[in-house]
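Engineer: Quick one: the structure is below, questions incoming.
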Amino acid sequence: MEKSSPAWTLGELAEILGGTVSSHPHYIVRRPVPADSDDPEGIAFCESEPYLDRAHAHGVGALILPHSLRSNLKPAIYVEYPRLAYGKLLAMSQRPLPIGPGIHPTAIVHEEAYVSESASIGAYVVIERGARIEDRCKVFAHSYIGEDCLVGNDTTIFPNVVLYQEVSIGNRCIVHSGAVLGADGFGFMWDGKRQVKVPQVGRVEIGDDAEVGANSTVDRATSGTTTVGAGTKLDNLVQIGHNVQLGKDGVLAAATVIGGSSKIGDRVAFGGQCAVSDHIVIVDDVTIGGTSGVPSDLLAKGAYFGRPAIPAAEGLRAYLSVPKLPDMLSRIRVLEKKIRELEDKS
Amino acid sequence: MEKSSPAWTLGELAEILGGTVSSHPHYIVRRPVPADSDDPEGIAFCESEPYLDRAHAHGVGALILPHSLRSNLKPAIYVEYPRLAYGKLLAMSQRPLPIGPGIHPTAIVHEEAYVSESASIGAYVVIERGARIEDRCKVFAHSYIGEDCLVGNDTTIFPNVVLYQEVSIGNRCIVHSGAVLGADGFGFMWDGKRQVKVPQVGRVEIGDDAEVGANSTVDRATSGTTTVGAGTKLDNLVQIGHNVQLGKDGVLAAATVIGGSSKIGDRVAFGGQCAVSDHIVIVDDVTIGGTSGVPSDLLAKGAYFGRPAIPAAEGLRAYLSVPKLPDMLSRIRVLEKKIRELEDKS
Amino acid sequence: MEKSSPAWTLGELAEILGGTVSSHPHYIVRRPVPADSDDPEGIAFCESEPYLDRAHAHGVGALILPHSLRSNLKPAIYVEYPRLAYGKLLAMSQRPLPIGPGIHPTAIVHEEAYVSESASIGAYVVIERGARIEDRCKVFAHSYIGEDCLVGNDTTIFPNVVLYQEVSIGNRCIVHSGAVLGADGFGFMWDGKRQVKVPQVGRVEIGDDAEVGANSTVDRATSGTTTVGAGTKLDNLVQIGHNVQLGKDGVLAAATVIGGSSKIGDRVAFGGQCAVSDHIVIVDDVTIGGTSGVPSDLLAKGAYFGRPAIPAAEGLRAYLSVPKLPDMLSRIRVLEKKIRELEDKS
């Protein structure tokens, strides 16, 4: 596999990253690795002594260090901000999934769909009538782009994605494999005998620069639009219910579930496995710790945690008190007994 | 995209919905929208003053109102039950995903499979030996219908669904994209050294009029049958373990997990992200609030909530008490101190 | 469907299972079923009287019993260990999903990919450059095997699986439908204005004899490798974050979420819907009850339960105390009142 991977001498890499190399400028590295890697062709970054100790205890080939640290054991590149230099190296090491130019001969594109000449459409992709695939998009194998969907410029749709119908995805978005956008919202009415389906006729709109994780689901609105704002990133296995309005520049970690019609502001951050009830309002700049549940509106910005979610410091105290419950209960029993004794005496 | 969407004058629509129009009978609307929409071609419904105020504050084109309300700002259709009229409008606005008649030339249908002449089979669908696709079914692109599976009359299988083997789906069902029915139940035995797989040889049976949400999973039984009852609706990312018996006319909201061999009655309702342990019995007519956990049988009908799930009113009180835990703890400490003082005195 | 299923007389089956048959040696059974089945062609096993009573109350055709039990109502095979005999019967009843030898003519295999002559590649599979499909593998319909991926000997990839790139899967593994391995880890940095994507350039490695459940996701590492150890079994809808190191011979039940960079030992067992935070260390031989949350390291082997997860017996006591919270609160109020009265008196 090595044949296709890049390789740099430490000297070359130091120049690219704007750093200096202490020794062994001809040492060859091929990939960024974590500090606890044993890959002799890998280069890691360390920001502190403990980090450096970890790297020294492992076989990693070379290091990116700040000027304040020194390694006598491994060749190193010295830079001002190791983390930024490492980010640059990650970007250089990225290898996009392969896809040929144009429309793969096995792709089935409806004659009334539009595919930009600069877009790439993979094997066995199906694109329905009225869909638009804009400039430089990549739509990978086995994806289904339904009727009247829009895939904006420079957007990547990884293999096995389904967009039902009237799903609009902005520019520079990424939709990971297995994501399903535009499936019916979960709307039923009990008629006294059975659950009657409420027809779901709305749309999904994903803003520019958004990302949808693997196997995540964003339901179409009952009527109107389910919205994921520009720049918002959904992790894997996230569920966005019908008619949700999710703001801009948020991050929602894995397995978080947002109930129908909830309205969530900009720059929110959810840890993993959170749950938000239906019809909840959450304002801008709210951070919610992992595994929290939000049963009612959060109308002040800040950090929240817990089930129910309350301001994070209090939420954490409450969470850590749960294990003390049995002890509290027995202390209450002791108190009750002592009170009885004191009452009897007096 | 508008070319394919319907359009009505308010006068036409009033006649269809059995209502009267106050003014502007020639005003054209194209789609149902929520009351807070700004779509001038949209029509929303309002049931109360606050709803109406919301609509008035937005650009929605027209309204469906009960006789008890009046709009001076927007043209309106007046009906007895706005919600029912709106439901009728939703149904009229529904546009099914497109699929041609018959078997798409790229579909691979085993010669010993049966496909009704009135069924539609989409591009790249694979149908294995012994499978039966009954009348007027729609099986969309990229779905896999395994050996000896049955898809009943008028059932829709959206793109990218997998039915492993001996999965039987009733009439008038809907299976959303990414759903996997019939994967192996999660059965292993620790032999002292490693986890040994227990072969999973059972089936899955989905009753008539059921719905399975996007990316949900229903495992085949170890032996026997995993059952989802007629009329039961599963939301997205729901997991039904092996040998579960799920009754009729239930609704299970997103990310709910039902442990293996649990036996759940008819007309149950689960909020989102619930968890039911293995081998649990839940009787008919039980409602369980979102994020609840069910570690033991629920043998009386009614509403439950919490972790553990208990009768809902109590469960809610307990849930809302959790944030008070640190305060309770300090109050107990104060009491202990005061008791000591009183004891010392006496 | 019956034509393809096996059939045995009780006499034949007794011989195969090393048991004796009490009567009706010519009675024909076709499949293992649970004790509460009403299938007259099914055979169930019972280990105890209550089990046997259940079977007697149902229409199951025949039974596998230990020598200590006796059925007067149904023909039976008597063996030393009914559960083991039943497991053997399950294995005999297993019918693999069908796949032809070699590469299906519709599969698209890059000329620089390697597919063993003994492997089976299903319809519409896409295999990219540098991928290796080893001996006796089965890759079912619609799966995508990305660049430089490795699928080890005797491994089964069920329909609709996606391996992004540089995903390595060991020998004798099973990957269920809808699983996505190698999607980007969820890494972003807030630059003061928006979330900037941290490029994800690492790999995924799944050890020998592992199993990945339907619609589960295992993210590629930022750099380095996300690892699922040999023999570890993931249930459906499980999420393994980037750079996780998951040990050997573990079992993770459905909807469990492991946060990024967590390091988890060998022989762990997670119940369903657990959540582990990022950067957590969990040692070998830890068992965690369903719906637990792990916010900090677990450095001693043993059983844990709860949110937060603590030693299981304590965790269960705390969990069962939550419903008592409102009562505790009112008891504290009563105590406070009584103390005031006593203080007033003294």
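None of the figures in this text is laboratory data; all of them are computed from the coordinates on show. Everything quoted here is computed from the prediction, not taken from an experiment. Note that we place each Cβ from the backbone using ideal geometry, even for glycine, and neighbour counts take in every protein chain shown.
Engineer: Work through the residues other than residue B:241 whose Cβ is under 10 Å from its Cβ and net out their charges, Lys, Arg +1 and Asp, Glu -1.
Structural biologist: My count for the surroundings of residue B:241 gives -3.
Engineer: Then there is this: Does region B:184-260 classify as rounded, prolate or oblate by the C-alpha gyration tensor (a ≥ b ≥ c root eigenvalues; a/c under 1.5 gives rounded; else a/b over b/c gives prolate, otherwise oblate)? List each step's numbers first, then the result.
Structural biologist: Numbers: a/c = 3.10, a/b = 1.92, b/c = 1.62.
Note, shape of region B:184-260 comes out prolate.
Engineer: So, one more: Around residue A:187, with a cut-off of 14 angstrom between Cβ atoms, what is the net charge of the other residues, counting Lys and Arg +1 and Asp and Glu -1?
Structural biologist: Spelling it out: positives minus negatives among the neighbours equals -2.
Engineer: Which lysines does residue A:74 reach when only Cα atoms under 27 Å apart count, and residues fewer than 8 places away in its own chain are ignored?
Structural biologist: Those lysines meeting the cut-off are A:3, A:88, C:263.
Engineer: Here is a further query. Cut-off is 10 Å between beta-carbons; in what order do C:92, C:189 appear when sorted fewest neighbours first?
Structural biologist: C:189, C:92
Engineer: Take the alpha carbon gyration tensor of chain C, find the square roots of its eigenvalues, order them as a ≥ b ≥ c, and report rounded if a/c is under 1.5; if not, report prolate when a/b exceeds b/c, else oblate.
Structural biologist: Values: a/c = 2.85, a/b = 1.09, b/c = 2.62.
In terms of gyration-tensor shape, oblate.
Engineer: Over the C-alpha atoms of region A:124-216, what are the Rg and the largest Cα-to-Cα span, Dmax, in Å?
Structural biologist: 14.6, 52
Engineer: While we're looking at this one, here's another question. Which GluC sites (Glu not before Pro) in region B:1-83 sit in a loop by DSSP (not H, G, I, E or B) and have at most 14 other Cβ atoms within 10 Å of their own Cβ?
Structural biologist: B:80
Engineer: So, one more: Calculate, for residue C:16 and residue C:67, the FRET efficiency according to 1/(1 + (r/R0)^6) with r their C-beta to C-beta distance and R0 25 Å; round to the nearest 0.05.
Structural biologist: Taking R0 as 25 Å, the efficiency between residue C:16 and residue C:67 is 0.90.
Engineer: Shape verdict for the protein assembly as shown, please, from the Cα gyration tensor: rounded (a/c under 1.5), prolate (a/b greater than b/c) or oblate.
Structural biologist: rounded
Engineer: Distance between the C-alpha centers of region C:303-325 and region C:1-67? Whole Å please.
Structural biologist: Spelled out, the Cα-based centre of one part sits 42 Å from the other.
Engineer: While we're looking at this one, here's another question. Give me, ordered by chain and number, the residues 5 or more places off residue C:269 or on other chains with an amide H under 5 Å from its own placed amide H.
Structural biologist: Amide H to amide H, under 5 Å and 5 or more residues apart or across chains, residue C:269 pairs with C:251, C:286, C:287, C:288.
Engineer: Moving to a separate point now. Quick one: dipole size for the protein assembly as shown, taken about the Cα centre, charges +1 on Lys/Arg Cβ and -1 on Asp/Glu Cβ, in debye to the nearest 20.
Structural biologist: Rounded to the nearest 20 debye, it is 2580 debye.
Engineer: Related question: May I ask you to sort A:79, C:268, C:212 by Cβ crowding, counting other Cβ atoms within 10 Å and putting the fewest first?
Structural biologist: Numbers: A:79 21, C:268 24, C:212 29.
Least crowded to most crowded, the residues run A:79, C:268, C:212.
Engineer: How far is residue A:24 from itself in the other copies, in nm, if each label sits 7 Å out from Cα along the Cα-Cβ line, shortest first?
Structural biologist: Sorted ascending, the copy-to-copy spacings read 7.6, 7.6 nm.
Engineer: Using the structure shown, list the pairs from B:248/B:301; A:301/A:324; C:138/C:233; B:193/C:248 with a Cα-Cα distance above 22 Å, or answer none. Don't skip to the end; give the middle numbers.
Structural biologist: Details: B:248/B:301 15 Å; A:301/A:324 30 Å; C:138/C:233 19 Å; B:193/C:248 11 Å.
Beyond 22 Å: A:301/A:324.
Engineer: Hey, with R₀ at 51 Å, roughly what FRET efficiency would residue C:300 and residue C:24 work out to, going by the Cβ-Cβ distance, to 0.05?
Structural biologist: On the way: r = 55 Å, r/R0 = 1.08.
With R0 = 51 Å, the Cβ-Cβ based efficiency is 0.40.
Engineer: Out of C:249, C:266, C:191, any idea which swings most in a Gaussian network model of chain C, alpha carbons joined below 10 Å?
Structural biologist: Of C:249, C:266, C:191, the most mobile in the Gaussian network model is C:191.
Engineer: If you don't mind, there's one more thing I want to ask. Between copies, how close do the residue B:83 label points come, placed 7 Å along Cα→Cβ, listed in nm from shortest?
Structural biologist: Result for residue B:83, in nm, nearest copy first: 5.1, 5.1.
Engineer: Let me ask you something else. Check residue A:293: other-chain or 5+ apart residues with amide H under 5 Å from its amide H, H built from backbone geometry?
Structural biologist: Sorted by chain and number, the residues that satisfy this are A:275, A:306, A:307, A:309.
Engineer: Add +1 for every Lys or Arg and -1 for every Asp or Glu among the other residues with Cβ under 13 Å from the Cβ of residue B:55, and state the total.
Structural biologist: -3
Engineer: Modelled label-to-label distance, residue B:111 and residue B:281, 7 Å Cα→beta-carbon offset: nm?
Structural biologist: Between residue B:111 and residue B:281, the simple spin-label model gives 5.2 nm.
Engineer: Copy-to-copy spacing for residue B:311, label 7 Å out on the Cα-to-C-beta vector, in nm, shortest first?
Structural biologist: Nearest to farthest, the other copies are at 3.6, 3.6 nm.
Engineer: How would A:329, C:246 line up from fewest to most surrounding beta-carbon atoms within 10 angstrom?
Structural biologist: By the 10 Å Cβ count, ascending: A:329, C:246.
Engineer: Rounded to whole Å, give me the distance from the Cα center of region A:85-104 to that of region C:71-125.
Structural biologist: One Cα centre to the other: 38 Å.
Engineer: While we're looking at this one, here's another question. Which value, in debye to the nearest 20, describes the size of the charge dipole of chain B about its Cα centre when Lys and Arg Cβ atoms bear +1, Asp and Glu Cβ atoms bear -1, and nothing else is charged?
Structural biologist: Value, rounded to 20: 1060 debye.
Engineer: Something else: Starting from the amide H of residue A:127, placed 1.01 Å from N in the peptide plane, find each other amide H under 5 Å away whose residue is 5 or more places distant or on another chain.
Structural biologist: Counting only residues 5 or more places away or on other chains, the set is A:108, A:109, A:110, A:145.
Engineer: Report relative contact order for region A:173-297 in percent, whole number only (criteria: Cα-Cα under 8 Å, sequence separation at least 6).
Structural biologist: This gives 17 percent for region A:173-297.
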